[in-house]
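Values in this text are rule-based calculations from the coordinates and carry no lab data. Owing to the predicted nature of the structure, the values given are computational and were not obtained by experimental measurement. Here the Cβ is made from the backbone with ideal geometry for all residues, glycine too, and neighbour counts use every protein chain on show.
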Amino acid sequence: MNSGEEALVVEDAVLRFRGIVAVDSVSFEVGAGTTFGVIGPNGAGKTALLNCISGIYRLDQGSILLYGQQIQHHQPHRITALGLSRTFQSTEHFREFTVRDYVMLGRAQQARCSVLGSLLLWPIAERAERAERQRAMAVLDRLGLVEFATERLSDLPYGVQKRVDIARAVAAEPKIMLMDEPTSGTTTSERDAVSHTIRTVAATGVTIVVIDHDVDFVTRHCDRVLVVNYGRAIGVGTPKEMLGRPEVVEAFLGTPVGHSA
Ligand SMILES: Nc1ncnc2c1ncn2[C@@H]1O[C@H](COP(=O)(O)OP(=O)(O)O)[C@@H](O)[C@H]1O
Ligand SMILES: [Mg+2]
């Protein structure tokens, strides 16, 4: 569904790494409340593009507007504060966290508990923490993950870890979420569960920008897709339009449909 407002406008984005042009004059728009896919072969510049949007990489040229605000010079935390949240490719560093605590991490920016505040005002801090825990549980409940709340991330199947990471990003109450290959490395049934989680998030009106190798996934979930190859945009349109183009099919030769590398 498109409310008419653009959540994200990328104009003539260029990102270079020494000799490589990872993102080469890419322009596209993402309507608020829509799910937007980014597809292309390995090394096409998909992750680099998402990293520019979340502020990890700085564009060499071009502009990025998030809800009408120029963000191409912003630090990641300022972009987060504007309502952007992202998932990670790996939760490896948080293996020992319980699911509930990991999801509470997603609220770090919202939960305004300073260390000094926690010491001086411990009853208030304790109440605030209880409220945060309840909020994390509410997100887990909404995404069908409550049964895993007290389990350690490392004890869970990979597909569930991927869904928990989406829950962490949702806990930040974002307006727009970036997901880099949320179904990579998952089995077919896990992929269906991750897809269902993404669809649940999309149904709440959150704008989603998702990179995925799986053409089938993109076709089913995305309103529009951007196809990139060698850093360049081959085209933007509905999945049907894009996958009907010979140059798009050609870009995917060697990357079988349904394959997640
Ligand atoms: N931090 C980096 N330093 C140097 N080159 C990079 C860096 N990140 C990505 N690249 C290069 O930019 C290009 C695009 O990479 P990437 O965005 O990771 O591709 P994709 O996500 O589409 O597989 C590749 O040629 C890659 O080697
Ligand atoms: Mg990538």
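Wrap a convex hull around the Cα atoms of the stretch 142-236, take a quarter of its surface area, and give that in square nanometres.
Its Cα hull, projected and averaged over all orientations, spans 6.9 nm².
With the alpha-carbon atoms as the only input, what is the per residue convex hull volume for the chain in Å³?
Hull volume over Cα atoms, normalised by residue count, gives 134 Å³.
Where the centroid of each part is defined by its Cα atoms, how far is the stretch 130-155 from the stretch 175-251 in Å?
A separation of 26 Å, based on Cα centres.
Send over the per residue convex hull volume for the stretch 5-73, Cα only, as a whole number of Å³.
Dividing the Cα hull volume of the stretch 5-73 by its residue count gives 79 Å³.
Under 10 Å, Cα contacts only: if you run a Gaussian network model on the chain, which one of 79, 208, 176 comes out with the highest mean-square fluctuation?
Largest GNM mean-square fluctuation: 79.
With runs of 4+ DSSP H residues as the only contributors, calculate the mean residue ellipticity of the chain at 222 nm using -39,500 (n - 2.57) per run, divided by the residue total and rounded to the nearest 500.
Taking each H run of at least 4 residues, the total per residue is -11000 deg cm²/dmol.
Determine the percent antiparallel among the DSSP beta bridges restricted to the chain, to the nearest 5.
Of those bridges, close to 55 percent are antiparallel.
Which of 104, 177 comes first, and how do the rest follow, when ranked by fewest Cβ neighbours within 10 Å?
Ordered from fewest to most neighbouring Cβ atoms within 10 Å, 104, 177 come out as 104, 177.
How would 141, 223, 180, 212 line up from fewest to most surrounding beta-carbon atoms within 10 angstrom?
141, 223, 180, 212
Could you name the aspartates and glutamates whose alpha carbon sits less than 13 Å from that of residue 175, not counting residues in the same chain fewer than 8 places away?
Residue 175 reaches 5, 6.
For the chain, calculate the relative contact order in percent as a whole number, restricting contacts to Cα pairs under 8 Å that are 6 or more residues apart.
Relative contact order comes out at 27 percent.
Given a Förster radius of 35 Å and the C-beta distance between residue 142 and residue 63 as r, what FRET efficiency does 1/(1 + (r/R0)^6) yield to the nearest 0.05?
For residue 142 and residue 63, the calculated efficiency is 0.50.
Could you list 211, 39 so that the one with the fewest beta carbons within 10 Å of its beta carbon is first and the one with the most is last?
In order of increasing Cβ crowding within 10 Å: 211, 39.
Can you give the net charge of the other residues whose Cβ lies under 15 Å from the Cβ of residue 192, counting K and R as +1 and D and E as -1?
+1
If you take every residue apart from residue 66 with its C-beta less than 14 Å away from the C-beta of residue 66, what net charge results, scoring Lys and Arg +1 and Asp and Glu -1?
For residues surrounding residue 66, the net value is -1.
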